[in-house]
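Asks: Below are the structure tokens for one structure; questions will follow.
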Amino acid sequence: MPDVRVFPSPAALTQAAANLVLASAEEAVRERGRFVWGLSGGSTPEALYRKLAEPPYSTGMPWRATFVFWGDERWVPTDHPDSNQRMATEALLAHGPAARANIIPVPTENISPDESSAAVEDALSRISGDAPVRPDLLLLGLGPDGHTASLFPGTSALDERERLFAANWVPQMDSWRITATLPLINASRHVVFLAQGRDKAEALRLALHQADGEPLLPAALVAPDDGTLTWLLDRQAASGLARHSG
């Protein structure tokens, strides 16, 4: 069963998420010598990244042993306002001493979407060596339509069972996305959803309490094989859960 935690405000959610990231990093480095961390895009993670760029988190994170990748990226240049990489870099990575070699980019220029997804998968696999790829912590968001990462309802990447990353054409957005697939997401040691706002309430309710005949959302397919699933929510996002609890 997932660990569902509800906070009174977005600020409290962000604080809890920052504490969780730092604790996860310390544990991973202590037990395995490195911290492999998958970042999410969106407004909720941006507040988290800005919090992590401040003391005591910025000074407490084991940056030199931290490897960073993105769980998904939009098919835009890295300096584009919609780029997840740009957002995380400006909010966090530019302020911390993370080694450049430890940051796995998602190439989106002078390359095809398929080549891009393969490049990300290859880089992540090199970190793991002969061992299976198992991110220590993967952050995910939730869209009002139930998508997570760039696994949108009805798109082909939902059917991927072998590759860790895929180039996913999203008709709803009329664009390509590069996304972690369910095999990678569900191989993670700890998956953490961050969701806030009333517009997420119905998708969240469906993801956690789907009834017979209701649609199976991409977010509902997240179920770590040998790991932990945590949902960090504010009250508005969780407002649809109360009548389904117990």
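Asks: Restricting the search to segment 14-49, which residues are of a type in the set (D, E, K, R) and within 16 Å of the chain's Cα centre (by Cα)?
Replies: Going residue by residue through segment 14-49, those that are of a type in the set (D, E, K, R) are 26-27, 30-32, 34, 46.
The one that is of a type in the set (D, E, K, R) and within 16 Å of the chain's Cα centre (by Cα): GLU46.
Asks: I would also like to ask the following. PRO55 passes all but one of (1) assigned to a loop (DSSP other than H, G, I, E, B); (2) in contact with a Leu (Cβ under 9 Å, 6 or more places away or on another chain); which number fails?
Replies: (2)
Asks: Among the residues of segment 54-64, is any in contact (Cβ under 8 Å) with a residue 40 or more places away in the chain, polar (S, T, N, Q) and more than 24 Å from ALA207 (Cβ to Cβ)?
Replies: No, the conditions are met nowhere in segment 54-64.
Asks: I need every pair where a residue in segment 122-133 that is closer than 16 Å to PHE69 by Cα has its Cβ under 8 Å from the Cβ of a residue that is open to solvent by 50 Å² or more (accessible area, probe 1.4 Å), sequence separation at least 6 or different chains.
Replies: Once the first residue is closer than 16 Å to PHE69 by Cα and sits in segment 122-133, its partners that are open to solvent by 50 Å² or more (accessible area, probe 1.4 Å) give ILE127/ARG34; SER128/ARG134.
Asks: Any residue in segment 18-34 that is open to solvent by less than 50 Å² (accessible area, probe 1.4 Å), farther than 22 Å from ALA101 by Cα and part of a loop (DSSP other than H, G, I, E, B)?
Replies: There is no residue in segment 18-34 that is open to solvent by less than 50 Å² (accessible area, probe 1.4 Å), farther than 22 Å from ALA101 by Cα and part of a loop (DSSP other than H, G, I, E, B).
Asks: Hey, among the residues in segment 59-109 that are of a type in the set (Lys, Arg) and over 18 Å from the mean Cα position of the chain (by Cα), which one's nearest to ALA166 (Cα to Cα)? Explain how you work it out, then say what you get.
Replies: We begin by selecting, within segment 59-109, every residue of a type in the set (Lys, Arg); these are 64, 74, 86, 100.
Those left that are additionally over 18 Å from the mean Cα position of the chain (by Cα): 64, 100.
Numbers: ARG64: 28, ARG100: 24 Å.
Result: ARG100.
Asks: Now for a separate question. I'm trying to understand the selection: among the residues of segment 109-152, which are over 20 Å from ALA17 (Cα atoms), outside any helix (DSSP H, G or I) and aliphatic (A, V, I, L, M)?
Replies: The answer is ILE111, ALA131, VAL133, LEU151.
Asks: Also, I was wondering about something else. Residue pairs, Cβ under 8 Å, 6 or more apart or interchain, first in segment 74-101 and exposed (fewer than 15 other Cβ atoms within 10 Å of the Cβ), second in a loop (DSSP other than H, G, I, E, B) and of a type in the set (S, T, N, Q). List them.
Replies: So the pair list comes out as PRO77/SER83; PRO77/THR108.
Asks: Sticking with this one: Among the strands (runs of 3 or more DSSP E) lying completely within segment 173-246, list those that include at least 3 residues that are touching a helix residue (DSSP H, G or I) at 6+ places or on another chain (Cβ under 8 Å), among the hydroxyl-bearing types (Ser, Thr, Tyr) and under 16 Å from LEU139 (Cα atoms).
Replies: Fully inside segment 173-246 and qualifying: nothing.
Asks: Something else: Scanning for something closer than 26 Å to TYR49 by Cα, surrounded by fewer than 18 Cβ atoms within 10 Å (Cβ to Cβ) and of a type in the set (Lys, Arg), does segment 198-206 turn up at least one residue?
Replies: yes
Asks: Consider ALA11 carefully, then state whether it is modelled with pLDDT of 95 or more, more than 17 Å from the chain's Cα centre (by Cα) and either farther than 19 Å from HIS190 by Cβ or open to solvent by less than 10 Å² (accessible area, probe 1.4 Å) (or both).
Replies: Working: modelled with pLDDT of 95 or more: yes; more than 17 Å from the chain's Cα centre (by Cα): yes; either farther than 19 Å from HIS190 by Cβ or open to solvent by less than 10 Å² (accessible area, probe 1.4 Å) (or both): yes.
Taking the combined requirement at face value, the residue satisfies it.
The values are calculated or read from the model by the stated rules, or taken from the named source; none is laboratory data. These numbers come from a predicted model, not from an experiment. All Cβ positions, glycine included, derive from the backbone under ideal geometry; neighbour counts span all protein chains shown. In case anyone asks, the SASA skips ligands and DNA or RNA and just uses the protein heavy atoms, side chains included. Shrake-Rupley method; radii C 1.70, N 1.55, O 1.52, S 1.80 Å.
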